[in-house]
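Scroll down for the structure; my scribbles are underneath it.
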Amino acid sequence: MAFQELKARQSVMWGNGPYERITNTIRDIHELVIERVDPKPGEKVLDAATGTGAVAILAAKRGADVVGMDLAPVLIETARERASEEGVDIRFEVGDAEAMNFDDASFDVVLSTCGVMFAPDHAAVAAELARVTRSGGRIALACWTPEGGLAQMFGMMRPFLPPPPEGAGSPFGWGSEEHVRELLGDAFELEFEEHESTLAIESGEAYWELFSTSYGPTKTAADNLEPDRRAEFRQTWIEFFEPQRVDGEVLHRREYLLTLGTRR
């Protein structure tokens, strides 16, 4: 099933805003993914849906031979700048997780942190992840859960977002162990870990400022709304997060599933 129009919009949407500000809110997930998959010097590593390259950079610092791929050209440019600043050599390229431009069994390690889950065709992504991972190679996917804090946030945003095309998979399906087993169980020996990443921020208003200026889905939606509707979106956002205040700050608890696998 092709979702070319949707993916064309996504390639622009995810680059809409200084995404590095959002990357900084999930540094703990990046570090855990690298710790668990433990890329070795010289191993060939793919960071699929790399965003601004944070996980790719961590893998490269361990001496791995890293490729970072993302659908959004703007994010790839930022990733190249970040890698240069960090003094690591990484090949970054624009690409589609549903149709990767890599040979079969190209990589020892394949990673994605809150990334490939947003591609609409889950079966196509799963097939590509299996295809490019060598036998005995390792995979690590960190994905937000269907009932967790990020899914709840998207539920709050849903009335302000354009509806997804018919047949597009929910990104949060990748945070369900059962769904991932259906997608990857034939190709990988799988293990699962449940974790939580908490974002602490001073207020619902500050959270709105961060995401309405820097997070592609939120910023794009807000930019495309009429002023009254945008004001309603902002108020809905603030009212959603202010009840999550603890000891003077908003704590957004964001549950995720970490899938670890070895290619059969």
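The values are calculated or read from the model by the stated rules, or taken from the named source; none is laboratory data. Computed from a prediction, not measured in an experiment: that's the story for all the values here. Please note: Cβ atoms are built from the backbone with ideal geometry, for glycine as well, and neighbour counts cover all protein chains shown. In case anyone asks, the SASA skips ligands and DNA or RNA and just uses the protein heavy atoms, side chains included. Shrake-Rupley method; radii C 1.70, N 1.55, O 1.52, S 1.80 Å.
Observations on the structure shown:
- Gyration tensor (alpha-carbon) shape descriptor, region 1-42, a/c threshold 1.5: oblate
- Accessible solvent surface per residue of the chain, calculated while the other protein chains remain in place, 1.4 angstrom probe, Å²: 44
- Range in the chain, longest, excluding exposed GluC sites (Glu not before Pro) [loop by DSSP; at most 13 other beta-carbon atoms within 10 Å]: 1-146
- The base-10 log of I(q)/I(0) for region 20-75, evaluated at q = 0.13, 0.24, 0.28 Å⁻¹, reads -0.29, -0.94, -1.17 [Debye formula, identical scatterers on Cα atoms, solvent excluded].
- Remark on region 3-115: ratio of C-alpha radius of gyration to 2.2 N^0.38 Å is 1.00.
- Descending semi-axes in whole angstrom, ellipsoid equivalent of region 160-264, from the Cα gyration tensor: 33, 20, 10
- Bridge type composition, the chain - antiparallel percent by DSSP, nearest 5: 55
- Where N is the number of residues in region 175-232, Cα Rg divided by 2.2 N^0.38 Å: 1.77
- Relative to the dominant Cα principal axis of the chain, helix 122-132 is inclined by about 30°.
- Sequentially through region 73-88, phi angles give Karplus couplings (6.51, -1.76, 1.60; θ = phi - 60°) of x, 4, 5, 4, 4, 5, 4, 4, 5, 5, 5, 4, 4, 8, x, 10 Hz, Gly and Pro residues having no value and appearing as x.
- Extended-chain gain in nm, criterion 0.36 nm per residue less alpha-carbon gap, Ala168 and Arg264: 31.7 nm
- Tail weight of P(r) past 24 Å, computed on alpha-carbon pairs of the chain, percent: 47
- Gain on full extension, evaluated as 0.36 nm per residue between Ser203 and Lys40 minus their Cα-Cα distance, stands at 54.6 nm.
- If you plug the beta carbon distance of Ser106 and Thr213 into 1/(1 + (r/R0)^6) with R0 = 45 Å, you get a FRET efficiency near 0.75.
- Carbon-plus-sulfur accessible fraction, region 155-254 (probe radius 1.4 Å, protein heavy atoms only): 47%.
- Rough spin-label spacing in nm, given labels placed 7 Å along Cα→Cβ, for Arg230 and Glu193: 4.2
- Under Karplus coefficients 6.51, -1.76 and 1.60, residue-wise ³J(HN,Hα) of region 226-231 in Hz, glycine/proline x: 5, x, 5, 5, 5, 4
- For region 97-211, the spread of Cα positions along the three principal axes, ordered from largest to smallest, is 48, 31, 26 Å.
- Estimated from helices alone, the mean residue ellipticity of the chain at 222 nm is -12000 deg cm²/dmol (sum of -39500 (n - 2.57) over DSSP H runs with n ≥ 4, per residue).
- Dimensions in Å of region 81-155 - Rg and Dmax from alpha carbons: 14.6, 40
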